Amino acid sequence: MSWALEEWKEGLSARVLQKIHELESQVDKLKKERQQRQYQLETLEAALQKQKQKVENEKNESAILKRENQSLMEMCDNLEKAKQKISHDLQVKESQVNIQSGQLNSSKKDIERLEQELKR
C-alpha cells in the first residue's frame, strides 16, 4: 500500500521530490515533538491533579485541626471557670471554718468562764 502513497509523486522533478522529502521529514519531526509535548502535558496535568488533591487534603486536615483546637479552647475555658468556682467555694468554706473556729474559741472561753463561776 505504500506504493499507492508514493504513486502521486511519479513524474515530479528531483528538486520537488527533495522538497517533499524535507517536508515529510519535518512533518514526522513535528509529530514526534507533538507527542512529546502531549506526554509532558499529560504528566503535568497528573502532577497538577495530585497537587490539587494534596491541597484539598491539607485544607480538610486544617479544618479538622481548627475544630479540634476550638473544642480544646472551650474545654480550657470551662475548666478555668470550674477552677475559679471551686477556688471561690474553698474561700467561702475557709471563711466559714474561720468563723466557726472563732465561735468555738468564744464558746470555750464562755464555758471556762462559766466553769470558773460555778467553782466559786
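Summary table below
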quantity: Computed over region 45-120, Kirkwood Rh from alpha-carbon pairs, angstrom; calculated: 18.5 Å
quantity: Residue with peak Gaussian network fluctuation, the chain [Cα springs, cutoff 10 Å], from Lys59, Lys32, Lys108; calculated: Lys108
quantity: Table column - 3J(HN,Hα) (Hz), region 70-79, Karplus curve with 6.51, -1.76, 1.60, x for Gly and Pro; calculated: 4, 4, 5, 5, 5, 4, 4, 4, 4, 5
quantity: Efficiency of FRET between Gln36 and Leu12 - r from beta-carbon atoms, R0 22 angstrom, step 0.05; calculated: 0.10
quantity: Extension gain, Ser71 back to Gln53 (0.36 nm per residue minus Cα-Cα distance, nm); calculated: 3.8 nm
quantity: Accessible carbon and sulfur surface of region 13-119 relative to its total accessible area, %, 1.4 Å; calculated: 55 percent
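The values are calculated or read from the model by the stated rules, or taken from the named source; none is laboratory data. Owing to the predicted nature of the structure, the values given are computational and were not obtained by experimental measurement. Positions of Cβ are generated from backbone atoms using ideal geometry, with glycine treated the same way; all protein chains shown enter the neighbour counts. With ligands, DNA and RNA removed, areas are computed over all heavy atoms of the protein, side chains included. Shrake-Rupley method; radii C 1.70, N 1.55, O 1.52, S 1.80 Å.
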